[in-house]
Amino acid sequence: MDKRGRLSKFGAGLTSAASSAIAILVGLAVGFIILLATNPGQAVRGLGVIVSGGFNGGMKGLGQVLYYATPLILTGLSVGFCFKTGLFNIGSSGQLIVGAFAGIWVGANAAPWIPAPLLWLAALLAATLAGAAWGAIPGLFKSLLNVHEVIACIMCNYIGMYGVNFLIKNSNVYDPLKNQTIDMTRAAIPKAGLDRIFFSLKGRFLDASSVNGGIFIALALAIATSVVLDRTVFGYELKACGLNRFASRYAGINEKRGIFLSLAIAGGLSGAAGGLMYLAPAGGLRINVIETLAAQGFNGIPVALLGLSNPIGIIFSALFVAYIEQGGYYLQRLEYMPEIINIIIAVIIYFSAFALLMRQAVGAARSRLARRSGKRARGREAGRA
Amino acid sequence: MSESTGAWPIIVFLIQQMWYFSIPLLIVALGGMFSERSGVVNIALEGIMVIGAFTSLFLINRLQDTMSGQGLLCLALLAAAVSGTLFTLPHAYASINLRSDQTISGTALNMAAPAIAIYVARTFQENHVQQVMFRNTFRLASAPILGDIPFVGPLLFRNAYLTTYIGFAILIVSYIVLYKTRFGLRLRACGEHPQAADSVGVNVYRTRYAGVLISGALAGIGGLVFVIPTSTDFNATVSGYGFLALAVLIFGQWRPLRIFLAALFFGLMKTIASAYSGVPALKTLPIPSDIYKMAPYAATLAALALTSKRSQAPRASGEPYDQGSR
């Protein structure tokens, strides 16, 4: 890339960062207005708590930010990857729960064959593969039978949820007393030393954050996704399908294969999210046998949108969402409802749509300027000649 | 077949239950149809249902000591339609005037709706809980005269709600509006080829606004219609019915009568799944309840696999219209 191209890419990045910042400011302003409307006396302190986010809880709070960001990064990637291919993966919820069950089942049953230190890895792989298989179903329906991926994904969410409930109740991972899955201590994701960094002291008692090595896995997968999308022929073909299906078909790209693989990869990412969430030690998350779709899957949509479907952007947007959600958690001390955070995030997403437009406008102005200066330079050259 | 023996009472029971599932899906999917046929994808149906249901049930909660029955229900329906329309305005503005990605504003509305419902409920209710309780005084045990018609009476006019008939009315009106009026023709043109519509003098922006706002009103109504027969409190959720309505809309191929059939199909499957233990023939089968509950979704997927080969969304749906790039 020549110097000019690099500069303009840097400029575009700067504009998009600036427009995201504006969207965030508008979101916070709306949040402040709501705080004022509910209880004016505490509003300024409340805003401070929201902005401080994870810092409210010291090192433990920051650890919690990383902990909650881990599945958000992966579901965000899952949705964003499909956006790049022109598909809307609304089935992340089902892929996540199917993956989680497969991970738990392998974690509980594969012990005789797999050495204990690697059990979590086998379980996580199983979760990823099961999620990928679940994502491949709408992929097949879309590419072979022309079934709209949105409807196939919605149906697969419910089929997956009821199916997992059925399988849990009829397998050895069921704890009927608590109506949830059993303890996964033996196959838990390793802490990777993070619990010794992110903790706070309660007297002489060490109050460690739930963060674990999963955050590294999520980051690695984000980088891998970025490489696949930007540095491989396969990624190029997927993006081409997303930009113009007909043109890429005309150019000889196998669009059906792209659709299938894109949804399968997205499913794998969501399945990994499920594995990282539920392969947790004693006191961690368990799958509750209830008839509600897993919310984390749907939370991937705003994360992907805020991150503009860019894998690196998604890391930051997931961290941001987890950070501000922590602010909502601590906001309850001032007797505000934590739901205000979701309203703020919704406003930010809404205004990020405006921000995109602003960026396009800036881009158009810049290219107009470049054209004009180009013309002037040509004019000078003509004059000299 | 006499009315009191054999399978007849069970069929009557199933059909009466079916309306509770089918009618809200029908109303919301028809709403989505108006939006998508005008060229704007509306994935915010879920959020709009939540707001419509919340506003109207909060109103019922406040007024139920002074009013009851069908009068209150009509007032609540009005509130649901108005709140749904207002809540949809930002989506219309972003996707029509600003030409932004229609998934973004839809997702924002879906995210905001339950948060707003919970926040308002917990802030303004005396007990600070998020559930909005209401007394169901709206059921018609038997409609006068009509309930006594043989066969049709028990199926349609007993244990029913006014909302069922409103659903039918919306279906008929939607069909007429879409296919028999000038507005409907323009709406469809804007969803298929807005440039062509504009070139013959149709105001694409205004027509799309109409489509999106109609979808808001109908989704708002659908939220209320969904909650009333199935619950006595509202907990800031419509259990994914907005997304199911989206599925019914696609299953119904963006056409009113097919949407009706799709809603009936899904409603019937859903009824069987939730009421199978009341049907002797099904109860004795060795099928676990989770499999029954899964069946409506699996059956829909299978039906789609068989019918989607030639499926085609409105051509311009999801694409912002830019007059300058004509």
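The values are calculated or read from the model by the stated rules, or taken from the named source; none is laboratory data. Since the model is a prediction, treat every value here as computed from it, not as a measurement. Here the Cβ positions follow ideal geometry from the backbone for every residue, glycine too, while neighbour counts run over all protein chains shown. For the accessible areas, the whole protein counts, side chains as well, though only heavy atoms, and no ligand, DNA or RNA atoms are used. Shrake-Rupley method; radii C 1.70, N 1.55, O 1.52, S 1.80 Å.
Per-structure values
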item	result
Share of carbon and sulfur in the accessible heavy-atom surface of the protein assembly as shown [1.4 Å probe, %]	65 percent
Per-pair calculated FRET efficiency, R0 = 35 Å: B:LEU285 and B:TRP8 via Cβ, rounded to 0.05	0.95
5 angstrom amide H check on B:ALA160, placed H, neighbours 5+ away	B:LEU140
Gain on full stretching of the segment that runs from B:ARG182 to B:ARG135 - 0.36 nm per residue minus C-alpha separation	12.7 nm
Cα convex hull of segment A:59-335 - mean projected area over all directions, nm²	16.2 nm²
Net dipole in debye of the protein assembly as shown [+1 Lys, Arg Cβ; -1 Asp, Glu Cβ; about Cα centre; nearest 20]	2700 debye
Given 13 as the ceiling on other Cβ atoms within 10 Å, longest exposed-site-free region of chain A for GluC sites (Glu not before Pro) in DSSP loops	A:1-290
Solvent-accessible area of B:PHE251 with every protein chain in place, 1.4 Å probe, in Å² to the nearest 10	40 Å²
By accessible area with a 1.4 Å probe, ligands and nucleic acids excluded, highest first: order of A:TRP113, B:TRP254	A:TRP113, B:TRP254
Accessible area, probe 1.4 Å, largest first, for residues A:ILE348, B:ILE172	B:ILE172, A:ILE348
Volume of the Cα convex hull of the protein assembly as shown, divided per residue and given in Å³	205 Å³
Mean accessible surface per residue for the protein assembly as shown, computed with a 1.4 Å probe while every protein chain stays in place, in Å²	44 Å²
Charge tally in the Cβ shell below 10 Å around A:MET161, where Lys, Arg are +1 and Asp, Glu are -1, A:MET161 excluded	-1
Pairs of lysines in chain A (C-alpha under 24 Å apart; 8 or more residues apart or interchain)	14
Farthest positive-ward along the protein assembly as shown dipole, Cα basis, beta-carbon charges - from A:PHE246, B:ALA79, B:GLY184	A:PHE246
Rounded to whole Hz, the Karplus (6.51, -1.76, 1.60) HN-Hα couplings of segment A:243-258, x for glycine and proline	6, 7, 4, 6, 5, 6, 5, 5, 7, x, 7, 7, 5, 5, 4, x
Summed buried accessible surface, chains B and A, 1.4 Å probe, nearest 100 Å²	4000 Å²
Within chain A, helix-based [θ] at 222 nm, where runs of 4 or more DSSP H residues each add -39,500 (n - 2.57), nearest 500	-25000 deg cm²/dmol
Residue among B:VAL12, B:PRO154, B:ILE27 farthest towards the positive dipole end of chain B, charges placed on Cβ	B:ILE27
Orientation-averaged projected area, Cα convex hull of segment B:8-325 (nm²)	18.1 nm²
Those residues of segment A:137-153 whose amide nitrogen sits under 20 Å from the label point placed on A:ARG257, 7 Å along Cα→Cβ	A:137-146
FRET efficiency estimate (nearest 0.05) - Cβ-Cβ, A:ASN146 to A:ARG372, R0 35 angstrom	0.15
Exposure of A:ILE265 as accessible area (Å², to 10), given a probe of 1.4 Å and all protein chains	60 Å²
Zero-based 10 Å bins, Cα pair distances in segment B:196-313, whole percents	11, 32, 32, 17, 6, 3, 0
Summed side-chain charge close to B:LEU73 - residues other than B:LEU73 whose Cβ falls under 13 Å, Lys, Arg +1, Asp, Glu -1	+2
For B:PHE226, net neighbour charge (Lys/Arg +1, Asp/Glu -1) across residues whose Cβ lies under 13 Å away	0
A:LEU121-B:SER199 pseudo-label distance in nm [points 7 Å out on the Cα-to-Cβ vector]	6.3 nm
Net charge dipole size for chain A [Lys, Arg +1 and Asp, Glu -1 on Cβ; Debye, nearest 20]	2040 debye
